[in-house]
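Quick note: the coordinates plus some simple rules give every number you see, no bench work behind them. Treat the numbers as computed from the prediction; the structure is a model and nothing was measured. So basically every Cβ, Gly included, is an ideal-geometry build from the backbone, and we count neighbours across all protein chains shown.
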Amino acid sequence: MKSTFRDLLSREKGKIENLAGDVLKSIFVLAISTFISYFFSRRGFREANIITVYILGVLITAIWTSKRAYSLVSSVISVLLFNFLFTEPRYTFNAYDAGHLATFLVMFIAAFITSSLAVRIKQQAMQSAETAYRTKILFETNQQLGMEQDIQGIISVTCGQLRKLLKRDIIFYEVQNNKLGKPAVFPYQEEDLPNYLSPEETKVARWVLEHNIHAGAATKTFPEAEFLYLSVRVGSDVFGVVGIAIGKSRPDSFEKSVMLSILGECALAMKNDKVSKERAAAALLAKNEQLRANLLRSISHDLRTPLTSISGNAGILLSSEESMDREKRRQLYEDIYDDSLWLINLVENLLSVTRIEDGTMKLRLNTELLEEIVHEAVKHVEKRSKEHSITVHFSDSLLLVKADARLIVQVLINLMDNAIKYTPAGSTIEVETRQKDGLAEVSVSDNGSGVSENAKAHIFEMFYTDATKAADSRRSLGLGLALCKSIITAHGGTIKVEDNQPHGARFVFTLPAKEVKLHE
């Protein structure tokens, strides 16, 4: 109520100031017109010229003041002043010449018609300006809503434009799960609107949500409310309830039409945002379902071979261990060991892919010596394959990188496993490190059959496998290289595949290098 009283007092003060200003303007114009007319009279100008001066003064008064009453009063006073000062006998309201009565009447009618036309033109100009202003607001609303990407931005733009249009306080209740959310307050002048957030006002907003009909001030439903409440809706879907402070003056018909247009634009924007989020959620769900289906299909197919091998070898050992010679038993043990290591690597890749997909993979970045990372990876791979030769060439200078060592080791293991898998026994695999353009570059090369041009474009995609038959007759899940790309990208590096000379494939990735500082 305190805020309402202040607004009312401010409006009344403004009316008094406007009234006083218009009265002073009218008196000033009459005084100037009388002064000019007196000058013309002393110079011997005809009465018609003096009448024209007063008509011009009435016209200026009509343009300069806010209401038609001032020009009407000025018309009457102009006739009286002309009679009092410029007709015989002077300084009386009598007239010797009977024709002066007709002159007075014509002067008043001419002044009145002129002032009426001036007022009408002024009103039309003001209406045109208001129409252009409100149309501009509607156009701006459309543009600004089109640029917003979330609900809060849409609400802020809508209420800001309504406040600019109506010059009133605005409250917006977002509808969440068919319930009113926390109100967003957009005051026109006052910062504190406690009365507008009272339980009584909230009750009216809740009623509008339930019945999808406007209510509150200026309506027959809850007319005692401070705000007029309208639903922001598309059809039967209500996305919010907006409250508009009414006070003593109601919005005119044009303001109402623009206001409803803005609310309609807001409802469409909120619906589009909702549809967009539902599509994104559906796309994410479909992607996750596809990922799950691909994983299950690949796992069910590719786990069968190593598991069958492990269970078969274990069964042979259980039933015939005593009758086998030492070499045969050792071969079976090694087969079981190799297949189990393959399964462990597969599980590691699956876990890493899952963390990447759900966004839970966290990088533990530290300054690491690249040589130690390579040594750790080679040590793991050498245990798995004794039929390939792995050589390592390090840079002449020490290379420090900012990286998660555990993940980079996994990248190197995947790249070397890939080389082992797709090259025949006896092939050579080379790991090389160097510093290039301020980056640490690592390459894993083999002298196998290489990667086809078609495969190069897809080799880092998840679940993609080259048509080339793997050397160990075991098909890959197509996760290793995709995982490598995700890890290297997360580190801010790049990874690519190119042809090795004279034949084979060469995988190259980069990492941010750190400067080596030696302290004496």
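Given the choices [x] 93, 29, 19; [y] 52, 33, 18; [z] 39, 26, 25, semi-axes √(5λ) of the Cα gyration tensor in Å derived from the coordinates of this structure is entry [x].
Can you give the log10 of the normalised intensity I(q)/I(0) at q = 0.13, 0.28, 0.30 Å⁻¹, computed with Debye over equal Cα scatterers of region 306-358? Per q value, in the given order, log10 I(q)/I(0) is -0.42, -1.00, -1.07. Sparsely packed loop sites in region 122-183 (the trypsin sites (Lys or Arg not before Pro) outside DSSP H, G, I, E and B with at most 15 other Cβ atoms within 10 Å) comprise Lys167. Separation between the Lys402 and Glu17 pseudo-spin-labels, each 7 Å from Cα along Cα→Cβ, expressed in nm? Spacing of the two 7 Å Cα→Cβ label points: 5.9 nm. Summing +1 for each Lys or Arg and -1 for each Asp or Glu among the other residues whose beta-carbon sits under 13 angstrom from that of Gln152 gives -3. Between 0 and 90 degrees, the angle of helix 47-64 with respect to the longest Cα principal axis of the chain falls at about 30 degrees.
If the segment from Arg326 to Ala48 were pulled out straight at 0.36 nm per residue, it would be longer than the present Cα-Cα gap by 86.2 nm.
Dividing the summed helix terms, -39500 (n - 2.57) for each DSSP H run of n ≥ 4, by the number of residues in the chain produces a 222 nm estimate of -20500 deg cm²/dmol to the nearest 500.
When a/c is below 1.5 the answer is rounded, else prolate if a/b is larger than b/c, else oblate, so apply that to region 217-261 with a ≥ b ≥ c taken from the square roots of the Cα gyration tensor eigenvalues. Oblate. Taking the Cβ of Leu439 as the center, what net charge do the other residues with Cβ under 12 Å away carry, scoring Lys and Arg +1 and Asp and Glu -1? Once positives and negatives cancel, what remains is +2. Taking Cα centre as origin and charging only the Cβ of basic (Lys, Arg, +1) and acidic (Asp, Glu, -1) residues, the dipole magnitude of the chain rounds to 2980 debye.
Taking every alpha-carbon pair within region 24-81, the share separated by more than 15 Å comes to 41 percent.
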